[in-house]
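**Student:** Sharing a structure below in structure tokens format, with a few things to ask.
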Amino acid sequence: METQELIIVEVFCKEYQIEINLINDLESFGLIETIVQNENKYLDKNQLVYVEKIIRLHNDLNINKEGIEIILDLLEKEKQLLLEIKYLKNRLGLYE
């Protein structure tokens with residue numbers, strides 16, 4: 001993976017005014033993944049929206065890691081159900 005697609009965790013934390021320990025805790029809990037290259041820890045730019053959502057849940061709503069995991073799981077299930085509804089509506093439209 002090219003370093004152009006990566007953001008250094010320290011820079012990310014400084015920009016979002018969070019402790020590096022939060023990123024480490026989220027990683028150890030399995031909510032996010034970091035990439036280690038040349039003794040530096042990076043976040044993939046494609047994960048930024050996801051990581052920002054986690055940080056907002058943690059900081060703004062004061063939700064713990066376990067609660068964040070449940071919320072993210074429920075949001076993913078909702079997304080899958082909406083896709084299934086759309087698929088079923090399209091199939092039903094064939095018979096109308």
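**Student:** Any lysines with Cα under 26 Å of the K65 Cα? List them, leaving off those in the same chain fewer than 8 positions away.
**Tutor:** Answer for K65, where 26 Å is the Cα cut-off: K14, K41, K45, K53, K77, K79, listed by chain and number.
**Student:** Carbon-plus-sulfur fraction of the accessible area of the stretch 9-87, 1.4 Å probe, in percent?
**Tutor:** Accessible surface attributable to carbon and sulfur in the stretch 9-87 totals 51 percent.
**Student:** Could you calculate the contour length gain from E69 to L81, that is, 0.36 nm times the residue separation minus the distance between their Cα atoms, to one decimal place in nm?
**Tutor:** Using 0.36 nm per residue and subtracting the Cα-Cα distance, I get 2.5 nm.
**Student:** Taking amide hydrogens as modeled 1.01 Å from N in the peptide plane, which residues meet the under 5 Å criterion relative to I63, leaving out close sequence neighbours?
**Tutor:** H58
**Student:** May I pose another question? Ratio of the chain's C-alpha Rg to 2.2 N^0.38 Å, to two decimals?
**Tutor:** 1.41
**Student:** Work out how much length N46 to Y95 would gain on full extension: take 0.36 nm times their residue separation and subtract the Cα-Cα distance, in nm to one decimal.
**Tutor:** Taking N46 through Y95 to full extension adds about 13.7 nm, to one decimal.
**Student:** Another question about this same structure. Please express the Cα-Cα pair-distance distribution P(r) of the stretch 1-52 as a list of whole percents, one per 10 Å bin, running from 0 to the bin with the greatest distance.
**Tutor:** For the stretch 1-52, the binned pair fractions read 25, 64, 11 percent.
The values are calculated or read from the model by the stated rules, or taken from the named source; none is laboratory data. Treat the numbers as computed from the prediction; the structure is a model and nothing was measured. Note: areas computed on protein heavy atoms with side chains; ligands, DNA, RNA excluded. Shrake-Rupley method; radii C 1.70, N 1.55, O 1.52, S 1.80 Å.
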